[in-house]
Amino acid sequence: MELLDKLVIPVSEPHLNLLRILLILAMVLFLSYSSLLYGTTILSVYYNRMFKKSNDSKFNLLSKDLIETLTQAPTIWFGMGIAPLIGVILLYTQLLHGTTNSVLAYMVVSLVFFCIGTATIYIYKKSLILSGVLNKVKSNDSKLIEYEEENNNDNGALALWSFVFLTLSNLFFIASLNLATDSRLWDSGVFPILFSSAAQFKFLFFVVFGIVFTGITFLYVNFSFEGGKHFDDSNYVSFVKDRISKIALSASYALPFLLAMTIISTPINALNGNLFIYAALTCFFIVISAQLLYSYIKESKNSNISLGFWFLFLAFTFYITKEQSAFATTSQNNLMRLASIHEKLELESSSKEVKPVEINPQEIFNAKCIACHKFDIKQTTAPAYNDVAVKYIGNEGDMVKFILNPVPKNAKDFPSGMPNQGLKPAEAKAMATWIIAQVKKNKGL
Ligand code: HEC
């Protein structure tokens, strides 16, 4: 990870605080997307299995619709997945600079699994569509039946693989977040890092949240957002509403408990007052959104589901802020150290600025004047300083003006005058002082 470390630039304390806010934003983007992706995969795999057991095509359709809802725009995969994840990695690189742990390595591993996992989902989606088509074709053709079976097997395998890759990606990512917060784990091996109780509770919270969030998002997108989508089969609609809302609701009952476990397993040196406030807000909005989901099931009011979606999103934002406030507490020392490095550098560079640049008249003379001028002998190129500089004694300012902007003085002897030598004002001043002093010495004045 040395490569990443080279990207670090020392920044001041207000900048570090800004980075932490950016981190929360990137994290909200990435985690809400990846929890949806994961929840969708879990539910889709689950309904795919149900379909195989019961051979009820509604399960197959639901399995496909779930994946389709989430993969409508392929660019989301980059915009809300890969890009914010890379952002998170870069921000952690900056915030953890100078510490010795494998947080970044775990994050990069997670990124790799994330890419493979999402790619597999898109392939899975394609084969689900195919199985939907094959399912519609009612035929006794033995070849077709064989093909359908084969495709269903492929389906199952792909679903399982995307589930495995995303599980690995999420496990590594959440373990790395936990690792960043808990410095006691920094010297541990992979196993304790991935399977410490804190990492596991956070992972479980993430999984269950993913299922609830997927359920609510699915209902929101299909039945509430912009009037909902059109489904031909009302039988299927009530089947979906019933299945999804119930699974989301029962999963949401587990969330407050898991949330409490994530707090209990937080290391003591990471606890702070704000953390409890954020946790309380998370719990509050989870309960409200579960309540809305419940009333949606009872009254089937679509507006409830959109409210439920936004409250759940809010709950997750507070949850992430809670996690980040724990990280801020444990990383405070490191941040103060980073800020002081920046301050030191700042001081060094400002003291450099104040120091005037050394001007050496002799050097300038040798470099720029000697080609034409001598002190004692008048040349064809230019007058001798001893002759022309006397008039400037006590009148140095005028010589400075001449050097900066040579105007013709003695057009008879030197018709082409003196070309401008392009000195800076400070250099011209130093030259004038030096020439006059030299001339005075030469003439014994
Ligand atoms: C290309 C030749 C050339 C170079 C190089 C040159 N000068 Fe001159 N300098 C002249 C000539 C020609 C004059 C006379 C101009 C006139 O009398 O109009 C002159 C005149 C002067 C005078 C006297 C002006 C007066 O009031 O009589 C000073 C002072 C002077 N130069 C300073 C410098 C300094 C300092 C440099 C180097 C940074 C320099 N010159 C480089 C050609 C040169």
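The values are calculated or read from the model by the stated rules, or taken from the named source; none is laboratory data. As the structure is a computational prediction, the values presented were derived from the model and not from experiment. Methodologically, a virtual Cβ is constructed for each residue, glycine included, from the backbone with ideal geometry; neighbour enumeration extends over all protein chains shown.
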- Any residue at all in segment 18-29 that is more than 15 Å from L335 (Cα to Cα) and either modelled with pLDDT under 80 or acidic (D, E) (or both)? no
- Task: Write out, first by first residue and then by second, each pair whose Cβ atoms fall under 8 Å of each other, whose residues are 6+ apart or on separate chains, and whose first residue, in segment 404-430, is outside the structural domain of D387 (by TED's automatic domain parsing) while the second is more than 7 Å from the ligand (Cβ to nearest atom).
- Result: none
- Query: Under the condition of being within 7 Å of the ligand (Cβ to nearest atom), aliphatic (A, V, I, L, M) and surrounded by 16 or more Cβ atoms within 10 Å (Cβ to Cβ), which residue from segment 361-391 is nearest to A432 (Cα to Cα)?
  - Reply: A389
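Evaluate segment 49-62: report whether one residue or more is outside any loop (DSSP other than H, G, I, E, B), assigned by TED's automatic domain parsing to the domain that holds G215 and acidic (D, E).
Checked against the condition, which is being outside any loop (DSSP other than H, G, I, E, B), assigned by TED's automatic domain parsing to the domain that holds G215 and acidic (D, E), segment 49-62 yields no hits at all.
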- Can you find a residue in segment 85-99 that is buried (at least 20 other Cβ atoms within 10 Å of the Cβ) and part of a loop (DSSP other than H, G, I, E, B)? yes
- Message: Between a residue in segment 379-391 that is part of a loop (DSSP other than H, G, I, E, B) and any residue that is more than 9 Å from the ligand (Cβ to nearest atom) and among the basic types (K, R), which pairs come within a Cβ distance under 8 Å, given they are 6 or more apart or on different chains?
- Response: A384/K374; A384/K378
- Just wondering, is there one or more residues in segment 413-425 that are more than 10 Å from the ligand (Cβ to nearest atom) and surrounded by 10 or more Cβ atoms within 10 Å (Cβ to Cβ)? yes
- For segment 321-330, enumerate the residues that are under 15 Å from L19 (Cβ atoms) and not polar (S, T, N, Q). F327, A328
- Residues located in segment 349-377, provided they are part of a loop (DSSP other than H, G, I, E, B) and modelled with pLDDT of 90 or more: N360, I370, A371, C372, H373, K374, F375, D376, I377
- Query: What do you reckon, is I123 more than 15 Å from the chain's Cα centre (by Cα) and within 15 Å of F173 (Cα to Cα)?
  - Reply: no
- Of all residues in segment 392-408 being loosely packed, with under 14 Cβ neighbours inside 10 Å and part of a loop (DSSP other than H, G, I, E, B), the one that is farthest from the ligand (Cβ to nearest atom): G394
- Query: Do we have any residue at all in segment 302-324 that's closer than 30 Å to S183 by Cα, touching a Lys or Arg at 6+ places or on another chain (Cβ under 9 Å) and either surrounded by 15 or more Cβ atoms within 10 Å (Cβ to Cβ) or not assigned by TED's automatic domain parsing to the domain that holds L62 (or both)?
  - Reply: yes
- If we only count helices (runs of 4 or more DSSP H) wholly inside segment 126-230, which ones have 3 or more residues that are modelled with pLDDT under 85? 142-181, 190-195
